[in-house]
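Remarks on the structure that follows.
The values are calculated or read from the model by the stated rules, or taken from the named source; none is laboratory data. Please read all numbers here as calculations on a predicted model, not as lab measurements. Neighbour counts are summed over all protein chains in view; Cβ atoms, including those assigned to glycine, are modelled from backbone coordinates with ideal geometry.
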Amino acid sequence: MFSILIPSWNNLPYLKLCIDSIRRHSAFDHEIIVHVNEGSDGTLEWVRAEGIRHTWSKGNVGVCLALNDAARLATLDWILFLNDDMFCTPGWDLAFEANLRTLGHSSAYLSSVLIEPTDTGNANVTTANFGTGPDNFDETGLLSYAAGMQQVDRDGVALQPMLISRQLWHAVGGYSIEFGPGMSSDDDFLMKLWLVGCRVFRSVGASRIYHFGCKSTGRIRRNRGGREFLMKWGISQRDFTRGYIRQTASAAPGTLPNIPRAPFRSRFKRVLYALGRYPFEDLEGWEPDLPAKLTFKKPFGSKNDG
């Protein structure tokens, strides 16, 4: 049904729990593909022992490169980007499948309802604490809670995990590596989807995922993604989200412009940022020798993943 892409950076206890939830709580057979960033905690050995398809980098190459590398192994028509610190509850994939059938086309971005243990101020996320990690995870309580939720589908919302067609993924070229290690790469991806005509951005109410919450991003030097987005597209993430993504919930078909138009405040901020070295300053500060972390296959060599 889906090719599930999971980037993971030395997060083995979470990754095991994530994949276990897919195996036990999915209604369909899915293709699981992990990108192992470094894997010095035993992740690389574990995915190989489990027979899980995977790609591998010698160090942490960030989410953008990791996803693009894993996506080259995807063989199914739909790609799901799932974080390794997420836990799927029963019915998560059935809800996606039913929603896709009602759409009747593949130009859509579907996401789940996220349940998180702490309130981060995101109004689109449900707060309910069933543990902050594998050691204190209350699966029984979560499954009971998720089964009783009465969430409805919401348009104009783009969360994760993210489900899109493989056709759409390749049409926009996957994730943009200038946003490495990854902050604001999701918003950049949304912009690229917008430019090729995607207007369905939907949180599927019956698909419920527990998210332990950013277990990798706290260990890296973050790029200033908001500034990079503005310098690239000429509009701020806030103005793009509010003026375009959210408006798809109520706008009549064909009424939103194909090319987003930046308000004055976005254009003015872009002028202020113009003298900065974006994105090179952030890339240099995060990983000055990214090529050394990558692995490439030998020409006409082994067909083994990674």
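Within the set L82, L114, the sole residue that is within 14 Å of the chain's Cα centre (by Cα), at pLDDT 95 or above and within 14 Å of P7 (Cα to Cα) turns out to be L82. Among the residues that make up region 200-221, is at least one of them modelled with pLDDT of 95 or more, farther than 30 Å from F87 by Cβ and buried (at least 16 other Cβ atoms within 10 Å of the Cβ)? No, region 200-221 contains no residue that is modelled with pLDDT of 95 or more, farther than 30 Å from F87 by Cβ and buried (at least 16 other Cβ atoms within 10 Å of the Cβ).
Here the strands (runs of 3 or more DSSP E) wholly within region 66-140 that include at least 2 residues being under 22 Å from S176 (Cα atoms) are 78-81, 108-116. Filtering S21, S3, S8 for residues that are in a helix (DSSP H, G or I), among the hydroxyl-bearing types (S, T, Y) and surrounded by 20 or more Cβ atoms within 10 Å (Cβ to Cβ) leaves a single hit, S21. With (1) in contact (Cβ under 8 Å) with a residue 40 or more places away in the chain; (2) in contact with a helix residue (DSSP H, G or I) (Cβ under 8 Å, 6 or more places away or on another chain); (3) crowded, with 20+ Cβ neighbours inside 10 Å as the list, and D77 as the residue in question, which single condition is left unmet? Of everything listed in (1) in contact (Cβ under 8 Å) with a residue 40 or more places away in the chain; (2) in contact with a helix residue (DSSP H, G or I) (Cβ under 8 Å, 6 or more places away or on another chain); (3) crowded, with 20+ Cβ neighbours inside 10 Å, D77 misses just condition (3).
Within region 273-286, is even one residue in a loop (DSSP other than H, G, I, E, B), at pLDDT below 95 and among the hydroxyl-bearing types (S, T, Y)? If you could, list the steps in order and put the result at the bottom.
In the first step, residues of region 273-286 are kept if they are in a loop (DSSP other than H, G, I, E, B); the result is 274-279.
Now drop any that are not at pLDDT below 95, which leaves 274-279.
If we keep only those that are among the hydroxyl-bearing types (S, T, Y) too, we end up with 278.
Looking through region 273-286, at least one residue is in a loop (DSSP other than H, G, I, E, B), at pLDDT below 95 and among the hydroxyl-bearing types (S, T, Y).
May I ask you to list the residues in region 1-20 that are of a type in the set (S, T, Y) and over 12 Å from I79 (Cβ atoms)? Result: S8, Y14.
Restrict the check to region 242-264 and report whether at least one residue is farther than 30 Å from R202 by Cβ and either out of contact with any Gly (no Cβ under 7 Å at 6 or more places or on another chain) or of a type outside the set (F, W, Y) (or both). Checked against the condition, which is being farther than 30 Å from R202 by Cβ and either out of contact with any Gly (no Cβ under 7 Å at 6 or more places or on another chain) or of a type outside the set (F, W, Y) (or both), region 242-264 yields at least one hit. Pairing each residue of region 287-301 that is closer than 11 Å to T55 by Cα with any residue that is among the hydroxyl-bearing types (S, T, Y), provided the two are 6+ apart or on different chains, yields C-beta distances under 8 Å for L294/S57; T295/S57. When S40 is tested against (1) at pLDDT 95 or above; (2) polar (S, T, N, Q); (3) in a loop (DSSP other than H, G, I, E, B), only condition (1) is not met. I245 fulfils the conditions (1) at positive phi; (2) touching a strand residue (DSSP E or B) at 6+ places or on another chain (Cβ under 6 Å) except for a single criterion, (1). Here G39 passes the criteria (1) without any contact (Cβ under 8 Å) to a residue 60 or more places away in the chain; (2) within 26 Å of S165 (Cβ to Cβ); (3) touching a strand residue (DSSP E or B) at 6+ places or on another chain (Cβ under 9 Å) except the one numbered (2).
Within region 150-204, the set of residues being more than 14 Å from the chain's Cα centre (by Cα), closer than 21 Å to K232 by Cβ and of a type in the set (G, A, S) comprises A171, G173, G197.
Report yes if some residue within region 43-57 is in a loop (DSSP other than H, G, I, E, B) and over 16 Å from K16 (Cβ atoms); otherwise report no. Checked against the condition, which is being in a loop (DSSP other than H, G, I, E, B) and over 16 Å from K16 (Cβ atoms), region 43-57 yields no hits at all.
Conditions (1) free of Cβ contacts under 8 Å to residues at least 40 places away in the same chain; (2) of a type outside the set (D, E); (3) touching a helix residue (DSSP H, G or I) at 6+ places or on another chain (Cβ under 8 Å), marked per residue:
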{"position": "V63", "(1), (2), (3)": "no, yes, yes"}
{"position": "A71", "(1), (2), (3)": "no, yes, yes"}
{"position": "F81", "(1), (2), (3)": "no, yes, yes"}
{"position": "A98", "(1), (2), (3)": "no, yes, no"}
{"position": "N124", "(1), (2), (3)": "no, yes, no"}
{"position": "D153", "(1), (2), (3)": "no, no, yes"}
{"position": "Q160", "(1), (2), (3)": "no, yes, yes"}
{"position": "Q167", "(1), (2), (3)": "no, yes, no"}
{"position": "V172", "(1), (2), (3)": "yes, yes, yes"}
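On the basis of being of a type in the set (V, I, T) and under 30 Å from N10 (Cα atoms), does I235 make the cut? Answer is no for this residue.
Among the residues of region 112-128, at least one is surrounded by 16 or more Cβ atoms within 10 Å (Cβ to Cβ), of a type outside the set (A, V, I, L, M) and in contact with a Pro (Cβ under 9 Å, 6 or more places away or on another chain).
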